[in-house]
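Beneath this line is the structure, given in structure tokens, with notes to follow.
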Amino acid sequence: MTNNQQKNFSNAKRVVIKVGSNVLTADHGLNTHTIQIISEQLKRLFDKGIEVVLVSSGSMAAGFKKIGLPSRPTDIPGRQATAAVGQAGLILEYEKAFAKYDKKVAQILLTQSDLNHRKRYLNARNTINTLLSWEILPIINENDTVATEEIKFGDNDNLSAMIALLIDADILVNLTDIDGLYTKDPRTNPDAKLIPVIDHIDLKIKKMASGIPGALGTGGMLSKIHAAEKVTSAGIPMVIANGKNPNTLLDLFSGKKLGTCFLAKTNKLSRRKCWIAFSRKPKGKIQIDSGAAKALLHNGKSLLPIGIIGVEGSFMIGDCVEFFSDTGQTLGIGLVNYSSADILKIMGRRSSQIESVLGHKPYDEVIHRDNLAIRREK
């Protein structure tokens, strides 16, 4: 473990720990023994004064076994009903496990739309901060019973990254059923090598990850890389480690070398720009010319109408919109000051011409630099 990695764990006061389905399940049901082991490790972290937020999968597996279904439902209502039954059992097992240590737990179920809306985003953060101040463990999962494709996080890897950003965590630990990111899938390739440290996520890393699927959960290794991209952009390191080993968390926090560590970027995004970049779902796209791309990427400028050469989708003032280059490369995301209909009228024009075209000019910029985040594809 490098000095930076050791420093990350020794200085961590607030952490998010994500436990995947492959760690928590056994014989298509919950592995209560694993829950007890994880709970014991978390209790030891609490004793060190570390605040912990737990993102836990397992509701589907718990419901599947509890109901006694012959096979896992394939239809959406069936899966949502199964998760509803299982979520109660999942939180009950955690409650029983932590009761031995006189530790209370709280259940929080979220959808993407909860974090997409700024006020609800802040309310969720305030609730979690209050629970932590009361020394209660927040246990978070996606609200599968109401989530649709439009409001789903997609997987708990993504959700855990969003929670780490939400509460300004010092580190995110992602517990899965293998030791970290390998050059190949170690379950089928004996020559696969573990990658201990990653300081830059590029297409090569993503290609390695795409070949390592998840066995039970919705997120394979690639979804964990996407989660790492989010948190490291905000200055939060992330570690992927094997949650089936009984002392993984204690070993990590004692400075032992485990898993794959993704180092945080030093030029991190602000809290607000993290919310724009990762919590908001884009409603449309804006294509910009090379001059505008240079101004945004290298000079910290706002997006003006003169640099816009195309608009895709229908969106309103204040919506989140992606912007991309004339070569098709995604460059970033931001909150627009004008609707798509108005941008189509003023694109390619100078800001001084906006009023003559629209009859009003509330802003010179289509996206102000304070309301945009660079999220360039690599």
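The values are calculated or read from the model by the stated rules, or taken from the named source; none is laboratory data. Treat the numbers as computed from the prediction; the structure is a model and nothing was measured. Cβ coordinates were reconstructed from backbone atoms using ideal geometry, including for glycine residues, and neighbour counts include every protein chain displayed.
So which residues in the stretch 240-267 are of a type in the set (Phe, Trp, Tyr) and either within 19 Å of the chain's Cα centre (by Cα) or over 16 Å from VAL15 (Cβ atoms) (or both), if there are any at all?
First, pick out the residues of the stretch 240-267 that are of a type in the set (Phe, Trp, Tyr): 253, 262.
Hit for the stretch 240-267 is PHE262, nothing else.
Conditions: (1) surrounded by fewer than 15 Cβ atoms within 10 Å (Cβ to Cβ); (2) part of a strand (DSSP E or B); (3) of a type in the set (A, V, I, L, M, F, W, C). ILE317 meets all but one. Number of the miss?
Result: ILE317 passes all but (2).
Residues being surrounded by 13 or more Cβ atoms within 10 Å (Cβ to Cβ) and in a loop (DSSP other than H, G, I, E, B): count how many of those fall in the stretch 349-375.
Here is the first cut: in the stretch 349-375, the residues surrounded by 13 or more Cβ atoms within 10 Å (Cβ to Cβ) are 349, 351, 353-354, 357-358, 361, 363-375.
Add one more test, that the residue is in a loop (DSSP other than H, G, I, E, B), and what stays is 349, 361, 363-366, 368, 375.
The total comes to 8.
Filter the stretch 8-21 down to the residues that are buried (at least 21 other Cβ atoms within 10 Å of the Cβ) and in contact with a strand residue (DSSP E or B) (Cβ under 6 Å, 6 or more places away or on another chain) and list them by number. Full working, then the answer.
Narrowing the stretch 8-21 to residues buried (at least 21 other Cβ atoms within 10 Å of the Cβ): 8-9, 15-21.
Passing the criteria: ASN8, VAL15, VAL16, ILE17, LYS18, VAL19, GLY20.
Table: residues versus (1) surrounded by fewer than 13 Cβ atoms within 10 Å (Cβ to Cβ); (2) polar (S, T, N, Q); (3) touching a residue at least 12 places away in the same chain (Cβ under 8 Å); (4) within 30 Å of CYS320 (Cα to Cα).
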{"site": "ILE108", "(1), (2), (3), (4)": "no, no, yes, yes"}
{"site": "THR111", "(1), (2), (3), (4)": "no, yes, yes, yes"}
{"site": "LEU115", "(1), (2), (3), (4)": "no, no, yes, yes"}
{"site": "ASN126", "(1), (2), (3), (4)": "yes, yes, no, yes"}
{"site": "GLU142", "(1), (2), (3), (4)": "no, no, yes, yes"}
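Looking at this structure, is ASN22 at pLDDT below 90 and touching a Gly at 6+ places or on another chain (Cβ under 8 Å)? Show your work before the answer.
On the way: at pLDDT below 90: yes; touching a Gly at 6+ places or on another chain (Cβ under 8 Å): yes.
Yes.
Applying the selection to the stretch 290-310, what residues are touching a residue at least 40 places away in the same chain (Cβ under 8 Å), farther than 17 Å from ASP370 by Cα and part of a helix (DSSP H, G or I)? Break it down stepwise before answering.
If we filter the stretch 290-310 for residues that are touching a residue at least 40 places away in the same chain (Cβ under 8 Å), which is where we start, we get 296-297, 300-306, 308.
Those left that are additionally farther than 17 Å from ASP370 by Cα: 306, 308.
Within the stretch 290-310, just ILE306 meets the criteria.
Quick one: ALA161 ticks every box in (1) of a type outside the set (Asp, Glu); (2) assigned to a loop (DSSP other than H, G, I, E, B); (3) buried (at least 19 other Cβ atoms within 10 Å of the Cβ) bar one, so which box is it?
(2)
Give the number of residues within the stretch 48-107 that are among the acidic types (Asp, Glu) and out of contact with any Leu (no Cβ under 8 Å at 6 or more places or on another chain). Before you say what the answer is, go through the steps one by one.
Of all residues in the stretch 48-107, those among the acidic types (Asp, Glu) come to 51, 75, 93, 95, 102.
This time we only want the ones that are out of contact with any Leu (no Cβ under 8 Å at 6 or more places or on another chain), so: 75, 95, 102.
Adding up the residues that qualify gives 3.
Among the residues of the stretch 328-348 satisfying the criterion of being of a type in the set (S, T, N, Q) and touching a residue at least 40 places away in the same chain (Cβ under 8 Å), which is surrounded by the fewest Cβ atoms within 10 Å (Cβ to Cβ)? It would help to see each step written out before you state the result.
Taking the stretch 328-348 first, the residues of a type in the set (S, T, N, Q) are 329-330, 337, 339-340.
Cutting the leftovers down to touching a residue at least 40 places away in the same chain (Cβ under 8 Å) gives us 329-330, 340.
Details: GLN329: 11, THR330: 14, SER340: 20.
Checked the stretch 328-348; the qualifying residue surrounded by the fewest Cβ atoms within 10 Å (Cβ to Cβ) is GLN329.
Consider the stretch 253-288. How many of its residues are farther than 30 Å from GLY243 by Cα and touching a Ser or Thr at 6+ places or on another chain (Cβ under 8 Å)?
Step one: list which residues in the stretch 253-288 are farther than 30 Å from GLY243 by Cα, which gives 267, 270, 272-273, 276, 280-288.
Imposing the further condition that a residue be touching a Ser or Thr at 6+ places or on another chain (Cβ under 8 Å) reduces the set to 283-284, 287-288.
Here the count works out to 4.
Just for the stretch 44-77: of the residues that are exposed (fewer than 14 other Cβ atoms within 10 Å of the Cβ) and small (Gly, Ala, Ser), which one is farthest from the chain's Cα centre (by Cα)?
Among those residues, the one meeting the criterion is GLY68.
Could you count how many residues in the stretch 326-378 are more than 14 Å from LEU303 (Cα to Cα), of a type outside the set (S, T, N, Q) and in contact with a strand residue (DSSP E or B) (Cβ under 6 Å, 6 or more places away or on another chain)?
4
Please state which one of LEU122, LEU109 is assigned to a helix (DSSP H, G or I), on the phi < 0 side of the Ramachandran plot and in the same structural domain as ILE236 (by TED's automatic domain parsing). Break it down stepwise before answering.
On the way: LEU109 fails: assigned to a helix (DSSP H, G or I).
The match here is LEU122.
Return the residue satisfying two criteria in turn: it lies in the stretch 324-344 and is farther than 13 Å from HIS368 by Cα and not in a loop (DSSP other than H, G, I, E, B), and of such residues it is modelled with the lowest pLDDT. Steps first, answer last, please.
As a first pass, look at the stretch 324-344 and keep what is farther than 13 Å from HIS368 by Cα: 324-331, 339-344.
Add one more test, that the residue is not in a loop (DSSP other than H, G, I, E, B), and what stays is 324, 330-331, 340-344.
Working: PHE324: 93, THR330: 90, LEU331: 93, SER340: 96, ALA341: 96, ASP342: 97, ILE343: 97, LEU344: 97.
For the stretch 324-344, the residue satisfying everything is THR330.
From the list ALA99, ALA12, ALA61, ALA84, which residue is at pLDDT 95 or above, small (Gly, Ala, Ser) and in the same structural domain as VAL197 (by TED's automatic domain parsing)? Show your work before the answer.
Working: ALA12 fails: at pLDDT 95 or above; ALA61 fails: at pLDDT 95 or above; ALA84 fails: at pLDDT 95 or above.
From the options ALA99, ALA12, ALA61, ALA84, the qualifying one is ALA99.
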